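The values are calculated or read from the model by the stated rules, or taken from the named source; none is laboratory data. Predicted, not measured: the structure shown is a model, and the values here were computed from it. Because the Cβ atoms are built from the backbone with ideal geometry, glycine has one as well, and the counts that use them run over all protein chains shown. What goes into the accessible areas is simple: the full protein's heavy atoms, side chains included, and nothing from ligands, DNA or RNA. Shrake-Rupley method; radii C 1.70, N 1.55, O 1.52, S 1.80 Å.
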Amino acid sequence: MTESAFIHRFEPATSAGSPPLLLLHGTGGDENDLLGLGQMISPGSALLSPRGRVLEHGMPRFFRRLAEGVFDEADVRRRAAELGDFVAEARKKYGLAAPVAVGFSNGANIAAALLLLQPEVLAGAVLLRAMVPLSEPPQAALGGKPVLLLSGQADPIVPASNSAKLAALLSDAGARVDHKVLPAGHQLSQADVTLARGWISGVKAEAA
Ligand code: MLT
């Protein structure tokens, strides 16, 4: 899997010391969707933004699902491996450090799968409206990687119990999880942007 196998956008860094971001869009989105969000939450970061390779009625996604919230887990594993290979190739091509994933909805779910299946690919993750991606995840060793999980209290797609379970799964695997439940639905709110921006500044400060 070469980096060219994923249609993607790449924006180089404009300031040193900001972590590269791997932007992962939601169902029906594309590689352009989260560039603005990436610029808002981490000005100056390099942005790597692939388009999901699975089509559901013409809508790009990062893995197949059988129904809303019911995933084809064999495909989750296969697609996470493809995405991991893409990131490795893109890091070589563009000269990047391990990125922090910023994923929304389906993009957050593949980012969570990547953390559990191939922890070395990501330096951390901002998971916006994520769910548990695998019913039987492997024993991952996340070694203190920072994860911000932002859930919506009134999210009709992600039950509160599911996001709580994801937070527990990631912390049990050794991630430093900051889980906040916002007064929001599945869509993003201004609070997501503000919290993600503050959290990334903290990650930068720690790395400096
Ligand atoms: C998914 O399929 O990953 C979740 O149901 C979120 C979504 O894309 O709607």
Report summary line: Among (1) out of contact with any Ser or Thr (no Cβ under 7 Å at 6 or more places or on another chain); (2) outside any loop (DSSP other than H, G, I, E, B); (3) surrounded by fewer than 24 Cβ atoms within 10 Å (Cβ to Cβ), Arg9 falls short only on (1)
Report task. Please specify each residue of the stretch 150-186 satisfying the condition of being in contact (Cβ under 8 Å) with a residue 40 or more places away in the chain and either over 22 Å from Pro138 (Cα atoms) or in a loop (DSSP other than H, G, I, E, B) (or both). Result -> Leu150, Ile157, Val158, Ala173, Ala175, His186
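Condition check ((1) of a type in the set (A, V, I, L, M); (2) without any contact (Cβ under 8 Å) to a residue 40 or more places away in the chain; (3) touching a Cys at 6+ places or on another chain (Cβ under 7 Å)) across all residues:
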| residue | (1), (2), (3) |
| --- | --- |
| Arg51 | no, no, no |
| Val54 | yes, yes, no |
| Arg61 | no, no, no |
| Asp75 | no, yes, no |
| Arg78 | no, yes, no |
| Ala90 | yes, no, no |
| Gly95 | no, yes, no |
| Ala101 | yes, no, no |
Requested in this report: Would you point out which residue out of Gly52, Gly84, Gly69, Gly124 is under 13 Å from the mean Cα position of the chain (by Cα), open to solvent by less than 60 Å² (accessible area, probe 1.4 Å) and within 11 Å of the ligand (Cβ to nearest atom)?
Outcome: Gly52
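Does Val132 meet the test of being outside any helix (DSSP H, G or I), open to solvent by 20 Å² or more (accessible area, probe 1.4 Å) and within 16 Å of the ligand (Cβ to nearest atom)?
Details: outside any helix (DSSP H, G or I): yes; open to solvent by 20 Å² or more (accessible area, probe 1.4 Å): yes; within 16 Å of the ligand (Cβ to nearest atom): yes.
Spelling it out, Val132 is indeed outside any helix (DSSP H, G or I), open to solvent by 20 Å² or more (accessible area, probe 1.4 Å) and within 16 Å of the ligand (Cβ to nearest atom).
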Query - Filtered residue count, the stretch 89-121, keeping only those that are more than 16 Å from the ligand (Cβ to nearest atom), of a type in the set (A, V, I, L, M, F, W, C) and open to solvent by 10 Å² or more (accessible area, probe 1.4 Å) - result: 4
Query raised in the report: Just wondering, is there one or more residues in the stretch 154-170 that are within 11 Å of the chain's Cα centre (by Cα), small (Gly, Ala, Ser) and away from the ligand (no atom under 14 Å from the Cβ)?
Result: no
